[in-house]
Amino acid sequence: MGGKQHAPSESEVRWRRNEVPDSRKHPRKPVPHDIAFQVGNEPRVEATCGNLSLGGVFIETPKPAAYGVPIKVFVRLPGLDQETVIPSTVRWSTHDGMGVQFGVMGARETHALLQLLALWLSAGDRRA
């Protein structure tokens, strides 16, 4: 971790404040879910998922990795017996977390991630 942090662009800051619509290929949804990450051979860091999409995640952590750093993201997904490890890349970071883009996932992992998103989306509909 350590390393140089990449300051988010103005558009990223405005998006985080919900001041602009999200125009990502895969819009992110708030999903309060336990998550962990690991940089290289450093110890695993437990964190919280701030928002999630099929393409990536915002990881809330006081120990964000630097811009461009490859990391492993660890998450439990519905329907899978074991924790899923997703190769990822840090795309931006701030003092309270980092935006991460997922690498290639298998069909089972992709399906399970879509199930998790659907669960949280339907839970949000029930709360509204």
Inset, instruction - Could you work out how far apart the two model spin labels at H95 and L54 are, taking each label as a point 7 Å from the Cα in the direction of the beta carbon, and quote it in nm? - result: 3.7
Legend entry - Extension gain from L119 to A107, taking 0.36 nm per residue of separation minus the Cα-Cα distance: 2.5 nm
Legend entry - Fully extended contour minus Cα-Cα distance, from R76 to R44, at 0.36 nm per residue: 10.0 nm
Inset, instruction - Give the order of W92, W120 when sorted by the count of other beta carbons within 10 angstrom, beginning with the fewest. - result: W120, W92
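Laboratory data are not the source of any read-out in this text; all were calculated from the coordinates shown. These numbers come from a predicted model, not from an experiment. Note that each Cβ is placed from the backbone with ideal geometry, even for glycine, and that neighbours are counted across all protein chains shown.
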